[in-house]
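Chemist: Provided herewith is a single structure, encoded as structure tokens, for subsequent inquiry.
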Amino acid sequence: MSHRIIVRSSWLVLTIAGALVACGGDEAAPPDAAPTAVPVTFGAVRRDTVSQPVQGTGTYGSRDELTLSFKIGGIVSRVHVEDGESVRAGQVLASLDLREIDAMRAKAQVAVDKATRDLVRLRTLFADSVVTRAQLQDTESALAAAEADLAAATVNREYAVITAAGAGRVLRRAVDAGSLVAPGQEVLRVANDARGRVVRLGVSDRDAVRLRAGQRAEVRFDALPEQTFQGRIALVGAATDQRTGTIPVEIAVVGADALPSGAVATVRIAVPATREVSLVPVESLVEADGDSATVYSAIEGRARRHRVRVRFVNGAYVAVDGVDADSVITSGAGYVRDSIAVRRVEGVR
């Protein structure tokens, strides 16, 4: 029992001693002593007529990219090109097995020939009053139907062979010889570079109304992160894409022809300023929450809190609404609270 008392007493002594050490600073200072001012640095608040740029991510490729397919289904006889291969206008790219298609066309031709002979005979009989006008008209209708069937079979025969509409490149080969394809099923995807290559992206309607064809853009590709390409807006869509809810924009890029189709790009478009904004250093922002944050200025050695709305980032500065000071606290801002004493350790930058 005495041993337990000794241990507990020793623990109590140590606890009291530790508390005295921890409180030593407070005991040395008078209870009503002024708190030490927080050392801070300041950054100037700039006023400028810059506007929020339009930014987005898109993909790079030819302005004209075509998905090629057969009008009718069948067995693929041959695909003449490979991925990445260049093609010329009129070049045969793929074809179906034509035996059944040619047989259908031949059958339609036979029907036309028979209907033509029937019409010649019926016209002679009608002239001799052997058949009625209704019978003659039925024969004329039969010939017209046979000719329509032949025209349809001819079109099907024509679209059983895929040819290149212009010079370009094969982006994707989707089938091989011997494959059974349905009508309209993708066989090849081909890029036609006649109208150049662009970055395609989607922007909100709020941003789209600020864009015009010809405006300059800066483009960076994930494949070449250290390089910035210059471009101009080639097209601003007139309607919203129903799938994404955005308006399509095309950016013509200079000097990026070596990049593959589908390369991911980040686009930044500067638009004309409409009003003056306040720019504060990025490091002055604290307590950020969505599009709002806090910055601190100082009046007579005391911090003053400003709750601001963040509009956009402009290099090392952030455009904000809600600050009416000429300078804001930068270094040390995270340790400052409203009305707390602050001490400037260097001048306004």
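The values are calculated or read from the model by the stated rules, or taken from the named source; none is laboratory data. Note that the structure is a prediction, hence the values are computed from the model and not measured. Ideal geometry is used to build each Cβ from the backbone, glycine not excepted, and the neighbour counts take in all protein chains shown. Accessible surface is based on the protein model in full, side chains and every heavy atom, while ligands, DNA and RNA are left aside. Shrake-Rupley method; radii C 1.70, N 1.55, O 1.52, S 1.80 Å.
Chemist: Are there strands (runs of 3 or more DSSP E) fully within segment 1-86 with at least 1 residues that are of a type outside the set (Lys, Arg) and modelled with pLDDT of 90 or more? List them.
Modeler: Working: elements: 38-40, 42-44, 46-48, 54-69, 74-79.
It comes to 38-40, 42-44, 54-69, 74-79.
Chemist: Same structure, new question: Anything in segment 174-184 that is outside any loop (DSSP other than H, G, I, E, B) and open to solvent by 50 Å² or more (accessible area, probe 1.4 Å)? List them, or say none.
Modeler: Here is the first cut: in segment 174-184, the ones outside any loop (DSSP other than H, G, I, E, B) are 180-181.
Hit for segment 174-184 is LEU180, nothing else.
Chemist: Right, another one. Can you work out which of the residues in segment 185-210 that are within 30 Å of ASP97 (Cα to Cα) and aliphatic (A, V, I, L, M) is surrounded by the most Cβ atoms within 10 Å (Cβ to Cβ)?
Modeler: Initial filter on segment 185-210 (within 30 Å of ASP97 (Cα to Cα)): 185-192.
Adding the requirement that they be aliphatic (A, V, I, L, M) leaves 187-188, 190-191.
Working: VAL187: 23, LEU188: 23, VAL190: 25, ALA191: 19.
Only one residue tops the list, namely VAL190.
Chemist: Now for a different question. If you check SER95, SER51, SER77, SER86, which single one turns out to be open to solvent by 50 Å² or more (accessible area, probe 1.4 Å), over 28 Å from ASP257 (Cβ atoms) and not β-branched (Val, Ile, Thr)?
Modeler: Criteria check complete, one pass: SER77.
Chemist: Going through segment 150-168 one residue at a time, which ones are outside any loop (DSSP other than H, G, I, E, B) and open to solvent by 60 Å² or more (accessible area, probe 1.4 Å)?
Modeler: Restricting attention to segment 150-168, the residues satisfying the condition of being outside any loop (DSSP other than H, G, I, E, B) are 150-158, 161-163, 168.
Across segment 150-168, the qualifying residues are ARG157, GLU158, THR163.
Chemist: Scan segment 243-261 and tell me whether some residue there is out of contact with any Leu (no Cβ under 9 Å at 6 or more places or on another chain), more than 19 Å from VAL203 (Cα to Cα) and assigned to a strand (DSSP E or B).
Modeler: Looking through segment 243-261, none of the residues is out of contact with any Leu (no Cβ under 9 Å at 6 or more places or on another chain), more than 19 Å from VAL203 (Cα to Cα) and assigned to a strand (DSSP E or B).
Chemist: Please work out which residue is farthest from the chain's Cα centre (by Cα), limiting yourself to segment 292-313 and to residues that are open to solvent by less than 50 Å² (accessible area, probe 1.4 Å) and of a type outside the set (A, V, I, L, M).
Modeler: Residues of segment 292-313 open to solvent by less than 50 Å² (accessible area, probe 1.4 Å): 292-298, 301, 303, 306, 308, 310, 312.
Going one step further and asking which of them are of a type outside the set (A, V, I, L, M), we end up with 292, 294, 296-297, 301, 306, 312.
On the way: SER292: 26, THR294: 32, TYR296: 37, SER297: 39, GLY301: 49, HIS306: 36, PHE312: 20 Å.
Among those residues, the one meeting the criterion is GLY301.
Chemist: Conditions first: (1) farther than 30 Å from VAL249 by Cβ; (2) open to solvent by 60 Å² or more (accessible area, probe 1.4 Å); (3) of a type in the set (Asp, Glu). ASP118 passes all but one, so which condition is the exception?
Modeler: Every condition holds for ASP118 apart from (2).
Chemist: Would you point out the residue of segment 319-338, among those that are out of contact with any helix residue (DSSP H, G or I) (no Cβ under 7 Å at 6 or more places or on another chain) and in a strand (DSSP E or B), that is most open to solvent (accessible area, probe 1.4 Å)?
Modeler: My answer is ASP321.
Chemist: Considering only residues that are assigned to a strand (DSSP E or B) and within 24 Å of VAL209 (Cα to Cα), which ones fall in segment 262-306? Don't jump to the end; show me each part of the working.
Modeler: Quick first cut of segment 262-306, residues assigned to a strand (DSSP E or B) only: 264-269, 277-281, 286-289, 292-299, 302-306.
Once the filter is applied, which keeps residues that are assigned to a strand (DSSP E or B) and within 24 Å of VAL209 (Cα to Cα), segment 262-306 yields ALA265, THR266, VAL267, ARG268, ILE269, VAL277, SER278.
Chemist: Can you name the number of the only condition in (1) modelled with pLDDT of 95 or more; (2) surrounded by fewer than 18 Cβ atoms within 10 Å (Cβ to Cβ) that ALA146 fails?
Modeler: Only one criterion in (1) modelled with pLDDT of 95 or more; (2) surrounded by fewer than 18 Cβ atoms within 10 Å (Cβ to Cβ) is unmet by ALA146, namely (2).
Chemist: In segment 203-214, is there at least one residue being farther than 30 Å from ILE162 by Cα, of a type outside the set (Asp, Glu) and assigned to a strand (DSSP E or B)?
Modeler: yes
For every residue, the table says whether it meets (1) modelled with pLDDT of 90 or more; (2) closer than 14 Å to THR41 by Cα; (3) small (Gly, Ala, Ser).
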residue	(1), (2), (3)
ARG302	yes, yes, no
ARG309	yes, no, no
PHE312	no, no, no
ASP326	yes, yes, no
THR330	yes, yes, no
ASP338	yes, no, no
ARG343	yes, yes, no
